[in-house]
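The values are calculated or read from the model by the stated rules, or taken from the named source; none is laboratory data. Since this is a predicted model, take the numbers as computed values, not measurements. Every residue, glycine as well, gets a Cβ built from its backbone with ideal geometry; the counts of neighbours run over all protein chains shown.
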Amino acid sequence: MTRVAVVGAGSWGTTLANLLCGRGDSVALWAFEPEVAEEINRRHRNDLFLPDAPLLPALTATNDLGAALEGVTLVVSAAPSHAVRRVMAAAAPYLAPGALVVSASKGLEPETHKRMTEVLAEVLPRAPLAALSGPTFSREVYERQPTAAVAASAAPESARRAQEAISAPYFRLYTNDDVVGVELAGALKNVVAIAAGILDGLGMGNNTRAALITRGLAEITRLGVALGARPATFAGLAGMGDLLMTATGALSRNRSLGIEVGEGKPLDEVLARRLSVAEGVGTARAAVELAAKAGIELPIAREVASVLFEGKPPRQAMKDLMERSLKSETWS
């Protein structure tokens, strides 16, 4: 039996903790909110972040990082991207030598624009690392709907350890050594999902959505390759798979945020009503800044950022995208 700590009790962290507990592992789930930990232990529920979802009685939760990490060989980092550095730096003194740390957060650090495994490498310099990504709505994984995802690491042994430690009969993991591509795809698809939601909020149809998703994948690939990723990664589960799900699925937080923005609601008002983080909001600004440094164009991300942060009317942003100078279709 593996001793596991899941750090972060949002919907995804709670779902992964429940999955690992169902495998027969001894799982401690760390929650930032003491009341969440108390509810999981007393009622076997996390109604704040994963409502109407009874959890396995063997799953325990705590607000004490040291207690959660005691003696574990696998740590799943599932805090929101903006909090990963702070939370995992606090976890560092309690981490056992050789414990595998798997990042399950999809996003870029707001201040540095670093990927999550880059952040983890700085605060946990001796820990083996892997990244978990792919098309994974937490509710559907909780319901044990067949799901496939990717465990990525530059060290093949770490990818295999993550694959073997997290896979379940309904949760199939593939390995990948392109960590840059897997993590960038998981972060950047959220920006395109916001754009897709904006189109839905404007009442646009299938033609428009298909064009957006396809050209959005081209943008993600262009930036990823410029930053060292392999093009093929973006045609896989972490790329096209996650993008299609997040840009079209009713459970997508980023798409639903985009719908409200497209309907004319101010971003501050939309965010104020939400408990869970829509990672694409911060990533939109980060993507534009990364592209500028790399000397490439991301027209969709640029327009999303303009709508979110500069008050540009969504319909004008769509018009400006459609009226750009004509060019050849290319992935470069």
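Just one of the listed residues (Thr248, Thr283, Thr221) is farther than 30 Å from Ala9 by Cα, of a type in the set (Ser, Thr, Tyr) and touching a residue at least 12 places away in the same chain (Cβ under 8 Å), namely Thr221. I'm trying to understand the selection: among the residues of the range 154-199, which are of a type outside the set (A, V, I, L, M, F, W, C), in contact (Cβ under 8 Å) with a residue 40 or more places away in the chain and assigned to a helix (DSSP H, G or I)? The answer is Ser158, Arg161, Gly181, Glu183, Gly186, Lys189, Asn190, Gly197. Considering the conditions (1) buried (at least 22 other Cβ atoms within 10 Å of the Cβ); (2) in contact with a Cys (Cβ under 8 Å, 6 or more places away or on another chain); (3) part of a loop (DSSP other than H, G, I, E, B), Val72 is excluded by exactly one of them, (2). Checking Lys189 against (1) at pLDDT 95 or above; (2) of a type in the set (D, E, K, R); (3) surrounded by fewer than 24 Cβ atoms within 10 Å (Cβ to Cβ): exactly one of these is not met. Which one? Lys189 satisfies every listed condition except (3).
Of Thr208, Thr246, Thr233, all but one fail to be surrounded by fewer than 17 Cβ atoms within 10 Å (Cβ to Cβ), part of a helix (DSSP H, G or I) and of a type in the set (Ser, Thr, Tyr); the exception is Thr208. Applying the condition of being of a type in the set (A, V, I, L, M, F, W, C) and surrounded by 24 or more Cβ atoms within 10 Å (Cβ to Cβ) to the range 1-18 and asking which residue is farthest from Leu50 (Cα to Cα) yields Val4.
Consider the range 21-57 and keep the residues that are in a helix (DSSP H, G or I) and in contact with a Ser or Thr (Cβ under 8 Å, 6 or more places away or on another chain). The one that is surrounded by the most Cβ atoms within 10 Å (Cβ to Cβ) is Ile40.
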